[in-house]
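The values are calculated or read from the model by the stated rules, or taken from the named source; none is laboratory data. Bear in mind that the values here come from a model prediction, so they are computed numbers and not experimental data. Virtual Cβ from ideal backbone geometry, glycine too; neighbours counted across all protein chains shown.
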Amino acid sequence: MIIGIDLDNVVVNTTETVLNYLAERGAPRLTLNDMKVYWIEKNFPPEYSLLVAEAFESRRMWKNIQLIEGAKRYIKKLYDDGDEIYFVTSSLPENLDKKIKHLTRNLDFLPEDYIVNHTINIRKKQLLKLDILVDDCYDNLSGDKEYTSILFRYPWNRDVTREEDMWSASTWGEVYDCIKAIKKERARNERRLQYDQTK
């Protein structure tokens, strides 16, 4: 299967790191549980919008980014299962290189240049031809698309209810279980289609 995996808040802890960066510079100390909407700057008073933008441009902030618990283990399992993995992000060009370097260092089980050749920077993810997309932003998982969606749960998407063709997970173990279930469901549907065609 071709699996797209969002980077920020799915592979790496971007929002958590940005919140720490902002608090160190005088912004109100917020936690992930305080995030009511996906866009970080919309969770703060308007006077902090420039500081939020600065955080995303800061080398220090990017150096503090960590892999989310379980990400390395389960991405390796998917790769070992034979899945083709694409890292899909919507990043400023100057940040894309930082993300690729970070992944290359931390996902060292992947072949050389795999991450460079399997990272896609795109604003409208619905244009991608994937079997599955794992993302924490509901907007990337809804609408006219070809892939099955897995919503990585966070407080900013807690009100999203499961829709047809949308799964949800709160941990990487759950993401892996969803992917296995989607594979089984597709295999069952393909067998049913083949059976119907032989009638």
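Looking at K180, K125, K184, K145, can you tell me which residue is within 30 Å of L30 (Cα to Cα) and charged (D, E, K, R)? Lay out the reasoning, then the answer.
Details: K180 fails: within 30 Å of L30 (Cα to Cα); K184 fails: within 30 Å of L30 (Cα to Cα); K145 fails: within 30 Å of L30 (Cα to Cα).
Result of the check over K180, K125, K184, K145: K125.
Entry remark, the stretch 9-22: residues being buried (at least 24 other Cβ atoms within 10 Å of the Cβ) and in contact (Cβ under 8 Å) with a residue 60 or more places away in the chain number 2 in total. Give me the residue from the stretch 80-98 that is of a type in the set (A, V, I, L, M) and crowded, with 17+ Cβ neighbours inside 10 Å and, out of that set, nearest to N13 (Cα to Cα). By that ranking, first place goes to V88. Of a type in the set (F, W, Y), in contact with a helix residue (DSSP H, G or I) (Cβ under 9 Å, 6 or more places away or on another chain) and modelled with pLDDT under 95: does that describe Y138? Considered against the rule, which asks whether it is of a type in the set (F, W, Y), in contact with a helix residue (DSSP H, G or I) (Cβ under 9 Å, 6 or more places away or on another chain) and modelled with pLDDT under 95, Y138 comes out as yes.
Yes/no per residue for (1) within 16 Å of the chain's Cα centre (by Cα); (2) crowded, with 18+ Cβ neighbours inside 10 Å; (3) in contact (Cβ under 8 Å) with a residue 12 or more places away in the chain; (4) outside any helix (DSSP H, G or I):
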residue: V116; (1), (2), (3), (4): no, no, yes, no
residue: D139; (1), (2), (3), (4): yes, no, yes, no
residue: S149; (1), (2), (3), (4): yes, yes, yes, yes
residue: Y176; (1), (2), (3), (4): yes, yes, yes, no
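Is it the case that some residue within the stretch 152-163 is within 17 Å of S90 (Cα to Cα), outside any helix (DSSP H, G or I) and either modelled with pLDDT of 95 or more or not charged (D, E, K, R) (or both)?
Residues of the stretch 152-163 that are within 17 Å of S90 (Cα to Cα), as a first pass: 152.
Among the residues that remain, those that are also outside any helix (DSSP H, G or I) are: 152.
In the following step, the residues that additionally are either modelled with pLDDT of 95 or more or not charged (D, E, K, R) (or both) were identified as 152.
Looking for residues that are within 17 Å of S90 (Cα to Cα), outside any helix (DSSP H, G or I) and either modelled with pLDDT of 95 or more or not charged (D, E, K, R) (or both), one finds at least one in the stretch 152-163, hence yes.
Residues that are within 23 Å of I179 (Cβ to Cβ) and outside any loop (DSSP other than H, G, I, E, B) were ranked within the stretch 105-114; the one that is nearest to the chain's Cα centre (by Cα) is N106.
If the condition is being among the aliphatic types (A, V, I, L, M) and not in a loop (DSSP other than H, G, I, E, B), then the stretch 118-137 contributes I120, L127, I132, L133, V134. If you go through the stretch 52-64 and keep only what is in contact with a helix residue (DSSP H, G or I) (Cβ under 6 Å, 6 or more places away or on another chain) and surrounded by fewer than 17 Cβ atoms within 10 Å (Cβ to Cβ), you end up with just N64.
Comparison of K124, K101, K77 shows that the only residue that is closer than 19 Å to I3 by Cβ, surrounded by 13 or more Cβ atoms within 10 Å (Cβ to Cβ) and assigned by TED's automatic domain parsing to the domain that holds V160 is K77.
Only one of the numbered conditions (1) in a helix (DSSP H, G or I); (2) modelled with pLDDT of 95 or more is violated by Y195, and that is (2).
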